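First comes the structure, then the notes that go with it.
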Amino acid sequence: MKMNYKLDMKTIFQAILVAVALSSCNADVKTETLSNSINQTAVDNSDAQSAHFAQTKGESESTQQKSSSLIGKTSVEIESMGWFSCAGTVIDSEKSEIKYAVFQLAKSQKECRNGEGKILLERFVRRNGDKAVFEVIDEINIQSNYPEKEYSWTTCEIKGADGGQFYVIHFKDQRQAELTEIYELWAVDHIAGKFVKVKSSEGVTCVNPDYSDGL
């Protein structure tokens with residue numbers, strides 16, 4: 001009977017060791033699984049934060065690029081920045097020997113008449129081969145919405161003044177030869193090299209630069 005008792009005790013002791021070992025393995029597996037889960041969650045959160053940061057940074061850079069000043073930039077630099085040239089004209093004056101140009105820019109052709117953009121006053125600085133290079137010396141930030149809010153430049157007559165002059169205008173396109181709904185207008189100061197906003201647009205009549213008789 002003593003032998004059987006010892007055998008039974010030995011068997012029980014071995015069974016306890018096996019149970020403890022299995023329990024330890026299960027604990028390790030659970031710990032490893034939990035650790036992997038935590039690490040994966042951290043990676044997912046990190047990826048999500050990185051993606052959000054990249055998107056926010058991209059939007060911020062895009063907004064900053066549109067709103068940042070172009071004064072001091074040359075026409076060559078502006079071309080490399082991705083701006084679309086909507087229209088432009090060279091203006092001469094007897095008051096100054098400097099050759100000026102006015103350009104309208106937008107981020108795309110569609111935004112020339114519907115969206116954000118800029119009206120630039122530029123002065124000629126040099127020639128690059130057969131191409132004229134200009135430098136931006138003043139700008140007007142604009143928000144167009146054709147035909148209610150349009151921007152262009154043309155000859156205007158102000159009530160009480162003699163003759164017509166060149167102005168940059170913010171207007172409503174009335175589909176007629178003369179524009180009378182002028183919201184804002186700017187003259188070009190050829191001596192100072194800048195846009196000068198006219199205090200009042202009341203009584204101003206401008207030639208419609210886009211009007212063609214019969215169209």
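Read-outs: derived from the displayed coordinates by stated rules, not from any lab. Not measured: the values here are computed from a predicted model. We place every Cβ from the backbone using ideal geometry, glycine too, and count neighbours over all the protein chains shown.
Tabulated values for the structure
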| read-out | value |
| --- | --- |
| Arg175 versus Asp189: modelled label distance in nm, points set 7 Å from Cα along the beta carbon direction | 4.0 |
| Relative packing of 88-96, 148-156, which averages over residues the other C-beta atoms within 10 Å, highest first | 148-156, 88-96 |
| Segment Lys131-Asn114, extension gain: residue separation times 0.36 nm, minus the distance between their alpha carbons | 3.2 nm |
| Placed amide H near Trp153: partners under 5 Å, 5+ positions off or other chain | Ile169 |
| Charge dipole (debye, nearest 20) of segment 171-215; +1 at Cβ of Lys and Arg, -1 at Cβ of Asp and Glu | 220 |
| Charge sum, other residues only, whose C-beta stays under 15 Å from Lys197's C-beta, Lys/Arg counted +1 and Asp/Glu -1 | -3 |
| Gain upon complete extension [Lys99, Glu202; 0.36 nm per residue less C-alpha separation] | 34.0 nm |
| Cα centroid separation, segment 145-169 to segment 115-129 (Å) | 20 |
| Total charge dipole magnitude, segment 139-215, about the Cα centre, Cβ charges on Lys, Arg, Asp, Glu only, Debye to nearest 20 | 220 |
| Given Lys118/Lys194; Lys110/Lys149; Lys95/Lys131; Lys73/Lys95, the pairs whose alpha carbons are separated by over 20 Å | Lys95/Lys131; Lys73/Lys95 |
